[in-house]
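The values are calculated or read from the model by the stated rules, or taken from the named source; none is laboratory data. Just so you know, these numbers come straight off a predicted model, no measurement behind them. Backbone-built Cβ (ideal geometry, glycine too); neighbour counts: all protein chains shown. Note: accessible area is taken over every heavy atom of the protein model, side chains too, but ligands, DNA and RNA are not part of it. Shrake-Rupley method; radii C 1.70, N 1.55, O 1.52, S 1.80 Å.
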Amino acid sequence: GTERLRCVVNKSLTDEEIREAVQNAFSEGWRLIKLYFMVGLPTETRADLDGIVDTIQTIVHIGYEILKKAPQINLSVSSFIPKPHTPFQWEAMDPMDRLKEKHGYIRSRLKKFRFIKFNNVNFQASLLEAVFSRGDRRLNDVLMEAWMQGARFDSWDEGFDFRIWERAFSRRGLDYSMYLDALDSESELPWDHIKTGIPKRILWEERQKAYSEEHTASCL
C-alpha cells in the first residue's frame, strides 16, 4: 500500500504509476479493477495498512470521476508467508490473531464502499502452507498421518479441516508453531542442500537491502 513497503519487497511501482494505470483503464471503459495486497510483510507498520486503504480510496475517487458511478473492485488481501530460497526465508510469520486483526482493520476502514468485493481468507490454510514451505523431513510423518485421518482435497475450503492437521501434529509429537518462528542467519536450513544457482549469502544480502529500503535491479 505504500511506496516504502513496495521498495522493501522490491516492487518499484510508484503511487503515480498506479493512479495512471487506473485512469487509463477507466478511460478505456473498464469498470472492474482487481487489486492484490499483502499484509504481514517484514517492516510493516500501521501506516502501511493505512496505505492500502488510501490506495483503494484513491482508485474509488478516480472511478467516480471518470465513470460517473462507482467502479467495481475485487480485492484480495493475502498474508505474508516466508518461503525458502527467498531473501525473507529467515522471517517469522505473523501469528494468526495478528493477521486477523490486520485484515479486520482494513475491512473496517473500507466497509462504507459496499461495491468492493472482498475475497475470503483462510488463515489456517495459510498457516499450514507456511509450515510445509519451511518444514523438514519430519513433516513426512505428519502428512501421512493427516492423510490417514481423512485429509483430502484440502485446497478446497469445503474439504479443509484444520483439526485433522492439529491431531496429526500432536500424534507425531511436533509443534507446528516452531516452523513459523524466525530462523537464525547462521543455522543450517532444511533446504540448504538444494542448489538453485543463487548462493545463500546473496539472499541474505538482499534481505539486508530490503531492510535498508534499497531497490535492487532485475537480474534478468
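What number of residues within the range 1-45 satisfy the criterion of being small (G, A, S) and open to solvent by 50 Å² or more (accessible area, probe 1.4 Å)?
Here is the first cut: in the range 1-45, the ones small (G, A, S) are 1, 12, 21, 25, 27, 29, 40.
So of that shortlist, the ones also open to solvent by 50 Å² or more (accessible area, probe 1.4 Å) come out as 12, 21, 27, 29.
So the answer is 4.
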* Considering only the range 164-191, how many residues are under 19 Å from R138 (Cα atoms) and over 23 Å from the mean Cα position of the chain (by Cα)? -> 11
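Of all residues in the range 98-122, which are assigned to a helix (DSSP H, G or I), touching a helix residue (DSSP H, G or I) at 6+ places or on another chain (Cβ under 9 Å) and loosely packed, with under 15 Cβ neighbours inside 10 Å?
Residue satisfying the conditions is K100 alone.
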* Asked: Say we look at the range 166-194 and pick out the residues that are aromatic (F, W, Y) and touching a residue at least 40 places away in the same chain (Cβ under 8 Å); which of these is surrounded by the most Cβ atoms within 10 Å (Cβ to Cβ)?
  -> Y179
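Applying the selection to the range 144-154, what residues are open to solvent by 30 Å² or more (accessible area, probe 1.4 Å) and either under 20 Å from M93 (Cα atoms) or touching a residue at least 12 places away in the same chain (Cβ under 8 Å) (or both)?
Residues of the range 144-154 that are open to solvent by 30 Å² or more (accessible area, probe 1.4 Å), as a first pass: 144, 147-150, 152-154.
Within the range 144-154, Q149, G150, D154 qualify.
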* Could you say whether any residue in the range 72-88 is more than 30 Å from R201 (Cβ to Cβ) and open to solvent by 50 Å² or more (accessible area, probe 1.4 Å)? -> yes
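Only residues that are among the aromatic types (F, W, Y) and more than 13 Å from the chain's Cα centre (by Cα): list them for the range 111-132, please. First the steps, then the outcome.
Within the range 111-132, the subset among the aromatic types (F, W, Y) is 113, 115, 118, 123, 132.
The answer is F113, F115, F118, F132.
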* Asked: Mind checking which pairs have a first residue in the range 25-52 that is within 20 Å of I81 (Cβ to Cβ) and a second that is part of a loop (DSSP other than H, G, I, E, B) and among the aromatic types (F, W, Y), Cβ under 7 Å, 6 or more apart or different chains?
  -> M38/F80; V39/F80; G40/F80; L41/F80; P42/F88
* List the number of the failed condition for S12; all other conditions in (1) out of contact with any Gly (no Cβ under 9 Å at 6 or more places or on another chain); (2) assigned to a helix (DSSP H, G or I); (3) polar (S, T, N, Q) hold. => (2)
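Within the range 133-146, how many residues turn out to be within 23 Å of the chain's Cα centre (by Cα), among the small types (G, A, S) and part of a helix (DSSP H, G or I)? First the steps, then the outcome.
Of the residues in the range 133-146, the ones within 23 Å of the chain's Cα centre (by Cα) are 133-136, 139.
Subsequent filtering for residues that are among the small types (G, A, S) retains 133, 135.
Among the residues that remain, those that are also part of a helix (DSSP H, G or I) are: 133.
Number of matching residues: 1.
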